[in-house]
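**Student:** This structure is in structure tokens; I'll ask about it shortly.
The values are calculated or read from the model by the stated rules, or taken from the named source; none is laboratory data. All figures in this text were calculated on a predicted structure; none of them were measured in a lab. With ideal geometry, Cβ positions are generated from the backbone for all residues, glycine too; neighbour counts draw on all protein chains shown.
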Amino acid sequence: MINTAEAKLSERDVQIQRDSDEHLSLGGIESAFNLTSRERLLSSGRSELVLVAIDIGTNSIHMVIVKIDATLPAFNIIGKEKDTVRLGDFCEETDSLTEEAMTRAVASLKRCLQIAESFQADDVVAVATSAVREAANGQVFIDRVKAEVGLSINLIAGKEEARRIYLGVISGMELKGKPHVIVDIGGGSTEIIAGRGGRHDFLSSSKVGAVRLTSQFVSTDPISKEEYNYLRAYVRGVLEPTIDSLKAKLKKKLAGTEHEQTPLRMIGTSGTIECLATLAAIDKTGAEPDPINGCLLTRDQLDARINQLRKMSYKERLALPGMSERRAEIVVPGAIILQTVMQLLNISQLKVCERALREGVVVNWMLINGLIEDRMAFQDSIRDRSIRKLANKYKANGDIVAQFATSLFDQTQGVLHNLSPLGREYLWAAAMLHNSGHYISHSAHHKHSYYLIRNGGLLGFTETEIEIIGNIARYHRKNLPKRRHDNYNNLPGKYERKLVDQLGAILRVAVALDRARSHAIAAIETTFDPKSRTLTLQLIPFDKNNQCELELWNIDYKKAWFEDVFEVSLEATVAVASD
């Protein structure tokens, strides 16, 4: 039953939620808001602002601090905080938030505001979800926070929570128009969403969460076989109707499209899924993944881990690497929820996304305040915008080199290599960022570039893709790759190392074409003689009288790796000026 607190959602929140179903989906959106806030910000001479988003959940209070760049528009996470306050520890007799839980939450929110002040935040947005929605005294808690903390809490319904989770996920991962299911396992509820990167296809919120299930159905340690089997049956019973609705909705949405037979892919968010993926990665590699974003968790790994966890006591689970006290209590029910969803959808693996509700609150704020332009394909360009944002931050000035690199890639495709469009994208990204290391120091700046790329928080890329891009940029000058180099050795296998060799060799030649950053060359044209295996690179200068001596010398100096990798001779000439 919806309590009085949930029924008192503000008129503005209700209107936003109604508008979201019609206008506010990312990817070709048609915003219901004008750009006055954005124009006002830019006209004031500021292009950046700081926003704090707070998620008041059943188990924890999460806060994210972001710096929003209104010129892109995009945001960069500059701080995170988490406090396990256990707000969902209800009084069983009254179904109310306990005094102890509310006191913990109030103290935590006071600390959040102190941190927000230290970052000189322009605005603070707080949302409350399952625990406050369902508590009989949820509105009492909201009023108390307003009075004691000075913070207004927006109480959001389950489907609105799902919508904002979707916004958060697609702000950091590309779905590329392919059907995806997103599952977020919270303390009190589980949100299951379907989308392809544009407007969501399906939103749901079910009252099964890791904390809720633990408190209701787990009383043994280790969990008994009877409780374990009952828990699995209960979760399946609750989620089956939701999954059936999702399947029916997607069948209708995808009918007659190119993705009608495309297998569903899954993205998982939340602490429970991150914990399970971390344990699986440790089993496989012996080390915790850093970052966890983009890591894969297979259903076989999940099944094996559940069989292990359910037989362990609380103390044994707590001893596992990366396991917190509260997570050790609730991880088994949370894992069962995930296992059930994957089984019902027949999905074999998922990809972890660190972004979820908090980041979705940020995107929603940007939409409301007009910082995301009308009809802007926000999601489709996340990788591009992320690269450009990092390039701007470190003043990398790689546009010209990126043009030469991709031109050389295109003209030699099918001639010297058969790399996919993904390879071209990695090359472009590395070229855009190859000089970013100058931000730290000119000396060994290629090594600094690798470090900045690896730790720059690039969005939309997997961990492996970031490693590839960093390595390509790393070898744009100086020594060639060697297995004793830690960064080169970090690549997963031979294919990735070959990719770095080929793309890195192309990047070296492209860098040589703009050696003095004089922008002397307008374009390049290539011809290939298969008999002599000679690739001729013709330089077309802006000034027809420019003989490009410096560029010709530098190509001759830098071409050895290219010749070795592609087993060709590389010759460079300058186009003869015509009347």
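**Student:** Between a first residue in the stretch 233-262 that is in contact (Cβ under 8 Å) with a residue 12 or more places away in the chain and a second residue that is charged (D, E, K, R) and surrounded by 18 or more Cβ atoms within 10 Å (Cβ to Cβ), which pairs have beta carbons less than 9 Å apart while being 6 or more apart in sequence or on different chains?
**Tutor:** Filtered contacts from the stretch 233-262: 246/201; 249/201; 250/201; 253/196; 253/201; 254/196; 254/201; 259/196.
**Student:** Another question, then. Identify, from the list 115, 142, the residue that is in a helix (DSSP H, G or I) and in contact with a Gly (Cβ under 8 Å, 6 or more places away or on another chain). Full working, then the answer.
**Tutor:** Values: 142 fails: in contact with a Gly (Cβ under 8 Å, 6 or more places away or on another chain).
After ruling out the rest, the residue left standing is 115.
**Student:** Something else now. Examine the stretch 156-173 for a residue that is on the phi > 0 side of the Ramachandran plot and in contact (Cβ under 8 Å) with a residue 12 or more places away in the chain, and state whether such a residue exists.
**Tutor:** Among the residues of the stretch 156-173, not one is on the phi > 0 side of the Ramachandran plot and in contact (Cβ under 8 Å) with a residue 12 or more places away in the chain, which makes the answer no.
**Student:** Kindly establish whether residue 450 is at pLDDT 85 or above, of a type in the set (Phe, Trp, Tyr) and buried (at least 19 other Cβ atoms within 10 Å of the Cβ).
**Tutor:** In short, yes.
**Student:** Further question on the same structure: The conditions are (1) surrounded by fewer than 16 Cβ atoms within 10 Å (Cβ to Cβ); (2) assigned to a helix (DSSP H, G or I), and residue 326 fails exactly one of them. Which is it?
**Tutor:** Every condition holds for residue 326 apart from (1).
**Student:** Give the number of residues within the stretch 506-522 that are touching a residue at least 60 places away in the same chain (Cβ under 8 Å) and out of contact with any helix residue (DSSP H, G or I) (no Cβ under 7 Å at 6 or more places or on another chain).
**Tutor:** Looking only at that region, the number is 1.
**Student:** Within the stretch 338-372, how many residues are more than 15 Å from residue 186 (Cα to Cα) and among the acidic types (Asp, Glu)?
**Tutor:** Residues flagged as more than 15 Å from residue 186 (Cα to Cα) and among the acidic types (Asp, Glu) within the stretch 338-372 amount to 1.
**Student:** Taking the criterion of being closer than 28 Å to residue 457 by Cβ, among the small types (Gly, Ala, Ser) and free of Cβ contacts under 8 Å to residues at least 24 places away in the same chain, would at least one residue in the stretch 103-112 satisfy it? Lay out the reasoning, then the answer.
**Tutor:** Initially, the stretch 103-112 is screened for residues closer than 28 Å to residue 457 by Cβ, giving 108-109, 111-112.
From what's left, among the small types (Gly, Ala, Ser): 108.
Going one step further and asking which of them are free of Cβ contacts under 8 Å to residues at least 24 places away in the same chain, we end up with none.
No - not one qualifying residue is present in the stretch 103-112.
**Student:** Sticking with this one: Which ones in the stretch 547-557 are touching a residue at least 24 places away in the same chain (Cβ under 8 Å), farther than 14 Å from residue 524 by Cβ and not hydrophobic (A, V, I, L, M, F, W, C)?
**Tutor:** Those that are touching a residue at least 24 places away in the same chain (Cβ under 8 Å), farther than 14 Å from residue 524 by Cβ and not hydrophobic (A, V, I, L, M, F, W, C): 547, 557.
**Student:** Against the condition buried (at least 21 other Cβ atoms within 10 Å of the Cβ), of a type in the set (Lys, Arg) and either over 15 Å from residue 306 (Cβ atoms) or without any contact (Cβ under 8 Å) to a residue 60 or more places away in the chain (or both), how does residue 199 come out, does it pass?
**Tutor:** Judged against the criteria, residue 199 is not a match.
**Student:** Within the stretch 461-520, take every residue that is among the polar types (S, T, N, Q) and assigned to a helix (DSSP H, G or I) and give me the one that is farthest from residue 543 (Cα to Cα). Explain how you work it out, then say what you get.
**Tutor:** The first filter runs over the stretch 461-520 and keeps only residues among the polar types (S, T, N, Q), leaving 462, 464, 471, 479, 487, 489-490, 502, 518.
Still in the running and assigned to a helix (DSSP H, G or I): 464, 471, 487, 489, 502.
On the way: 464: 42, 471: 35, 487: 41, 489: 44, 502: 31 Å.
Out of the qualifying residues, it is 489.
**Student:** Looking only at the stretch 64-108, count how many residues are touching a helix residue (DSSP H, G or I) at 6+ places or on another chain (Cβ under 6 Å), at pLDDT 85 or above and of a type in the set (A, V, I, L, M).
**Tutor:** So the answer is 7.
**Student:** Name the one entry in 509, 500, 574 that is over 41 Å from the mean Cα position of the chain (by Cα) and of a type outside the set (S, T, N, Q).
**Tutor:** From the options 509, 500, 574, the qualifying one is 574.
**Student:** If you don't mind, there's one more thing I want to ask. Is it the case, given these coordinates, that residue 124 is surrounded by fewer than 24 Cβ atoms within 10 Å (Cβ to Cβ), part of a strand (DSSP E or B) and among the β-branched types (Val, Ile, Thr)?
**Tutor:** Values: surrounded by fewer than 24 Cβ atoms within 10 Å (Cβ to Cβ): yes; part of a strand (DSSP E or B): yes; among the β-branched types (Val, Ile, Thr): yes.
It is true that residue 124 is surrounded by fewer than 24 Cβ atoms within 10 Å (Cβ to Cβ), part of a strand (DSSP E or B) and among the β-branched types (Val, Ile, Thr).
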